[in-house]
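> Take this structure, written in structure tokens, and hold onto it; I'll ask about it next.
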2 protein chains.
Amino acid sequence: MSGQEKPGRKPTSFDVARRAGVSRAAVSRTFTPNASVSPETREKVVKAAKELGYRVNYLARGLINRRSDFVGVVAAGMDNPFRAMQIEQITKKLVRRNFRPILLPADHGESADHVMDQLLHYNVSGVLVTSDAPPTALCAEFAAAGVPIVLINKADAIPAVDRVVCDTDTAGRLAATTLLEAGARHLAVVSASAISYTARRRQQAFLACCHALEADVRVIPVAVNDYANGLAAAERLDGVDGVFCVNDYMACGLIDGLRRRGVAVPHSVRVIGHDDVPQAAWGSYELTTMRQPCDLQADQAIDLLTSRMAEPEMAERVELTPVTLVRRATA
Amino acid sequence: MSGQEKPGRKPTSFDVARRAGVSRAAVSRTFTPNASVSPETREKVVKAAKELGYRVNYLARGLINRRSDFVGVVAAGMDNPFRAMQIEQITKKLVRRNFRPILLPADHGESADHVMDQLLHYNVSGVLVTSDAPPTALCAEFAAAGVPIVLINKADAIPAVDRVVCDTDTAGRLAATTLLEAGARHLAVVSASAISYTARRRQQAFLACCHALEADVRVIPVAVNDYANGLAAAERLDGVDGVFCVNDYMACGLIDGLRRRGVAVPHSVRVIGHDDVPQAAWGSYELTTMRQPCDLQADQAIDLLTSRMAEPEMAERVELTPVTLVRRATA
DNA sequence: TCCTTTCTTGCACACGTGTACAATTTCATG
DNA sequence: CATGAAATTGTACACGTGTGCAAGAAAGGA
């Protein structure tokens, strides 16, 4: 219409300023929180901006602020339904707080390095890591570069790196006592403790509790905490009548494996899982499990992130996510 | 060490140039594909960059190129395992092609507008939409702004908006014939056809095939295609001995509902689903279903995206994703 | 009316990069 | 050696924005 602005280009603050009859600074201030603009000016600017379809270029804003609205979300193992829930909660809450989540799937340990490295090119506001194998060196590099970083359910204690960890002690203890209460006398824990921090910790707490109560218990190690390994583990449970699977995903496999062998659950073998994924409540499983509230956990993680953005020099913190027992049919 | 660069700041191409004893343009060219730099210069620059821990600022690059590496991924209903698979595949493949996926969960129709609108601030390279309710007006606005946009399994035909759609005709036909072959004579389709395009199309194809074969068939409408509605739908199947659920997520609920009522599957009622989610292969379900290859689908979508980035003025295209029958125990 | 205080506004610089253009160097060829 | 072509390099501008600073306007008090 006006023909002033260059044709195939998106309108800039210059275009809006000219149309509104004000300076470009006034436009910038209109769209910057806590900036000083008179109501009349603001109104003129907003009107012109709407007419032109103007949007602030956040790339340019991020350039000058030396900080973008992006938050890296490093995740792996999305076949596990719990991970899917986690990612949904995290991204929803980030968006609600006006961050933009960059989702980085990092399944193969090698690629995790490469992929996380990319984040350093974007001046991200922070990073959330739920991957099982966060490269410690790289995490430290982020922290050193002043990028807030929060690990969820991970082990490594790194200076200036905050963590959110689910209450593994309570989980292990509740699992043991619940199985015993249900009448089990020969317990087992199925766990890939070599690769997963929380699996290792839950296993340790479970064993400690069993020993304290002088209960018979053994460890069934698996390679990965997934359905297939749970299914296979059912073949190795002779003489066991109570099983703690370190996550529900694997517990579903275990139950299916037991049923295939004709073993009655919970009559012959009691099973307890962890996470309370949707499938745990499904009619075919009715799995007794430990609810890990991943919506609360997401809030905790983002709170840690934002508080460190405000005070980068803080000492690192560890936040504990509470677990609660969900009684269903399998124990 | 050198003390030249400002302290607490990340090194810039200036710092690298000074240290390498070259111009800043040489640094830029070193990190720009297809730019002309001599091997010696490149080596000096790379060395200096490594020593300083320099990373190209992609925000600045995106500013001058008028295009960022970001691709918006709008998704909803991540409780459905198929959606989780989809998102995993899409983000993995995007990252592999050097894009950065911005994941935007858009469950409530109202928020989808707001959330997608945000993308226009980032000069994204493109947008992938798997949400059930993509705001048509907004999609058109993206296309008008020259942002490539691809809808996955969505209805609306919009100028310059490409689409990937799973082969609903084959799916519906295969579902009907497979149920009939398995001995079913009184068919039903369970579907929330009001809110989901693919559900509606699959239902139509299923009904058309049934009518062509003069088979008895009825429609069981539900509000949402999820587990809970599948579970409830099992109460409304009197006289039915063959059911097509428009997705596996709901089929799992339906089977659990039938079992709860003591109905034998597949002896009394045959069930067929769609998507081939991991749970369909689980021992408790053994669900016969239609595999929707979401890895291939992701490739198709990204191919459409990149080809339109190269040629923005193309007429809109529709790519068909093939489905294949996976025979298991329920039909 | 005059002075002081508070608000608002515009100018100009900075953020970190890509690239057109011209200047320079390299190199093969006659 | 002369010459033209090709490759490399540096200068300078552009991308679109936030904000310090000083100047001006408005408001309030004596």
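> So A:D132 fits all but one of (1) buried (at least 22 other Cβ atoms within 10 Å of the Cβ); (2) in contact with a strand residue (DSSP E or B) (Cβ under 9 Å, 6 or more places away or on another chain); what number is the exception?
(2)
> Take the residues in segment B:72-98 that are crowded, with 22+ Cβ neighbours inside 10 Å and closer than 13 Å to B:I302 by Cα; name whichever of them is nearest to the other protein chains (Cβ to nearest Cβ).
Result: B:T91.
> Kindly provide the set of residues from segment B:203-225 that are assigned to a loop (DSSP other than H, G, I, E, B) and either among the hydroxyl-bearing types (S, T, Y) or surrounded by 23 or more Cβ atoms within 10 Å (Cβ to Cβ) (or both), ordered by number. Please lay out each step first, then the result.
Pass one, segment B:203-225, residues assigned to a loop (DSSP other than H, G, I, E, B): B:213-215, B:222-225.
If the condition is that a residue be assigned to a loop (DSSP other than H, G, I, E, B) and either among the hydroxyl-bearing types (S, T, Y) or surrounded by 23 or more Cβ atoms within 10 Å (Cβ to Cβ) (or both), then B:V222, B:N225 are the ones that fit.
> Looking only at segment A:45-56, filter to residues that are buried (at least 20 other Cβ atoms within 10 Å of the Cβ) and within 14 Å of chain B (Cβ to nearest Cβ); which one of those is farthest from DNA strand D (Cβ to nearest atom)? Explain how you work it out, then say what you get.
If we filter segment A:45-56 for residues that are buried (at least 20 other Cβ atoms within 10 Å of the Cβ), which is where we start, we get A:45, A:48-49, A:54.
Retained after the next criterion (residues that are within 14 Å of chain B (Cβ to nearest Cβ)): A:49, A:54.
Details: A:A49: 10, A:Y54: 7 Å.
The residue in question is A:A49.
> Scan segment A:6-29 residue by residue and report those that are without any contact (Cβ under 8 Å) to a residue 40 or more places away in the chain and away from DNA strand C (no atom under 14 Å from the Cβ). Break it down stepwise before answering.
Let us first name the residues in segment A:6-29 that are without any contact (Cβ under 8 Å) to a residue 40 or more places away in the chain, namely A:6-9, A:14-29.
Of everything in segment A:6-29, those that are without any contact (Cβ under 8 Å) to a residue 40 or more places away in the chain and away from DNA strand C (no atom under 14 Å from the Cβ) turn out to be A:K6, A:P7, A:G8, A:R9, A:D15.
> Okay, moving on. Going by the conditions given, is A:V45 hydrophobic (A, V, I, L, M, F, W, C), out of contact with any Pro (no Cβ under 8 Å at 6 or more places or on another chain) and farther than 30 Å from A:V115 by Cβ? Lay out the reasoning, then the answer.
Numbers: hydrophobic (A, V, I, L, M, F, W, C): yes; out of contact with any Pro (no Cβ under 8 Å at 6 or more places or on another chain): yes; farther than 30 Å from A:V115 by Cβ: yes.
So A:V45 fits the description; yes.
> Given the conditions (1) surrounded by fewer than 22 Cβ atoms within 10 Å (Cβ to Cβ); (2) within 14 Å of another protein chain (Cβ to nearest Cβ); (3) in a helix (DSSP H, G or I), and given that A:R200 satisfies all but one, which numbered condition is not satisfied?
(2)
> Tally up the residues in segment A:153-199 that are more than 19 Å from A:T289 (Cβ to Cβ) and touching a Ser or Thr at 6+ places or on another chain (Cβ under 7 Å), please.
So the count comes out to 3.
> Mind checking which residues of segment B:145-174 are part of a strand (DSSP E or B) and hydrophobic (A, V, I, L, M, F, W, C)?
B:I149, B:V150, B:L151, B:I152, B:V164, B:V165, B:C166
> Hey, can you tell me all the residues within segment A:18-44 that are more than 11 Å from DNA strand D (Cβ to nearest atom) and either on the phi < 0 side of the Ramachandran plot or touching a strand residue (DSSP E or B) at 6+ places or on another chain (Cβ under 7 Å) (or both)?
Within segment A:18-44, A:R18, A:R19, A:A20, A:V22, A:P39, A:T41, A:R42, A:E43, A:K44 meet the criteria.
None of the figures in this text is laboratory data; all of them are computed from the coordinates on show. Owing to the predicted nature of the structure, the values given are computational and were not obtained by experimental measurement. Quick reminder, even Gly has a Cβ in these numbers, built from the backbone with ideal geometry, and neighbours come from all protein chains shown.
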